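Have a look at the structure below before the remarks.
Just so it is clear, none of the values below were taken in a lab; they were calculated from the coordinates. Because the structure is a prediction, the values reported are computed rather than measured. In this analysis, Cβ positions are derived from the backbone assuming ideal geometry, glycine residues included, and neighbour counts consider all displayed protein chains.
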Amino acid sequence: MENIPAYVSLVFILTTFATVAILLQAIKAVGLDDIPSKLLVFALPLWIVFQTVLAIGGFYQQTDSTPPRIVFFGVLPPVLLIALYFIFFRASFIEKLPLRLLTAIHLVRIPVELTLYWLFGAGQIPRIMTFEGANFDVVSGILALIIMFVAFRGGKTNRPLIIGFNLVGLVLLAIIVTIAALSVESPMQQLSFDQPNRAVSFFPYIFLPTIIVPIVFASHLFALYKSLRGNLQ
């Protein structure tokens with residue numbers, strides 16, 4: 001992509017792998033011998049390679065399809081996988097994920113928001129997708145840092161704080177995902193026609209909707225499920 005400094009892509013790639021690394025630590029805590037753990041450890045690298053090949057090959061840059069290609073080939077598979085885990089692996093996997101690591105994952109939202117700001121400056125996403133516009137998702141990253149210190153003190157977990165944090169995080173995530181989706185160049189575009197959301201069609205920024213957002217979304221859902229059931233481990 002033109003006009004984007006190399007450090008922006010580097011920061012974003014490191015952020016993506018930090019997200020995956022924290023998830024892998026959570027999976028390791030569950031146990032690598034379990035079927036749901038093996039499935040994720042096997043699928044994650046394949047998914048990263050698959051999205052890289054599609055993005056570099058220009059597959060997502062075809063903007064005339066309805067809905068956009070990224071919906072069926074980038075977003076829908078992770079959503080279906082999350083649903084699969086809720087249906088079949090609640091007790092064997094979700095219940096065993098550490099709440100502390102499910103919270104730590106959201107720290108990556110701080111460098112993600114910085115990346116979005118830089119991409120706006122390079123003309124690749126609209127202002128509305130940054131913290132100068134209508135995207136306040138950076139608050140979730142800052143709150144995660146605070147929650148890490150406050151909600152897990154003295155060997156006890158503050159259940160109301162965890163529940164509140166995840167509810168707020170889900171709302172903020174839903175807002176930016178909606179804005180981003182409506183700003184993508186496609187026949188369904190509704191926002192930001194002067195400077196649409198182009199970046200997510202290219203490598204490495206395709207990792208935002210296909211890897212980072214699904215992991216963040218799943219972490220909120222899994223943490224809420226555990227907390228509401230009283231499982232505070």
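About its Cα centre, the chain has a charge dipole of approximately 940 debye under the convention of +1 per Lys or Arg Cβ and -1 per Asp or Glu Cβ, with nothing else charged. With neighbour counts taken as other beta-carbon atoms within 10 Å, the residues Tyr85, Tyr7, Tyr205, Tyr225 rank, fewest first, as Tyr7, Tyr225, Tyr85, Tyr205. Here each label is just a point 7 Å from Cα along the line to Cβ, and for Ile146 and Val171 those points are 1.4 nm apart. Counted as membrane-span-like here are DSSP H helices of the chain whose alpha-carbon atoms extend 27 Å or more along the helix's own axis and whose Kyte-Doolittle mean is -1.0 or above; these are 6-30, 35-56, 159-183. For the chain, the mean residue ellipticity at 222 nm estimated from helices alone is -19000 deg cm²/dmol, where every DSSP H run of n ≥ 4 contributes -39500 (n - 2.57) and the total is divided by all residues, rounded to the nearest 500.
Quick one: net charge around Tyr117, please, counting Lys, Arg +1 and Asp, Glu -1 for every other residue with C-beta under 13 Å from its C-beta. The partial results should precede the final answer.
Values: positive: Arg109, Arg127; negative: Glu113, Glu132, Asp137.
Local charge sum for Tyr117: -1.
If R0 is 30 Å, the Cβ-Cβ spacing of Val79 and Lys156 corresponds to a FRET efficiency of close to 0.35.
Judged by the gyration tensor of its Cα atoms, with axes a ≥ b ≥ c, segment 1-135 is prolate; a/c meets the 1.5 cut and a/b is the larger of a/b and b/c.
Under 17 Å of direct C-alpha separation, and excluding same-chain neighbours fewer than eight residues apart, Lys38 reaches these lysines: Lys28, Lys96. Which one of Asn231, Gly74, Ile215 is farthest out on the positive end of the charge dipole of the chain, using unit charges on Cβ (Lys, Arg +1; Asp, Glu -1) and the Cα centre as origin? Of Asn231, Gly74, Ile215, it is Asn231. Among Ala180, Ala151, Ala91, the residue with the largest mean-square fluctuation in a Gaussian network model of the chain, with springs joining Cα atoms closer than 10 Å, is Ala91.
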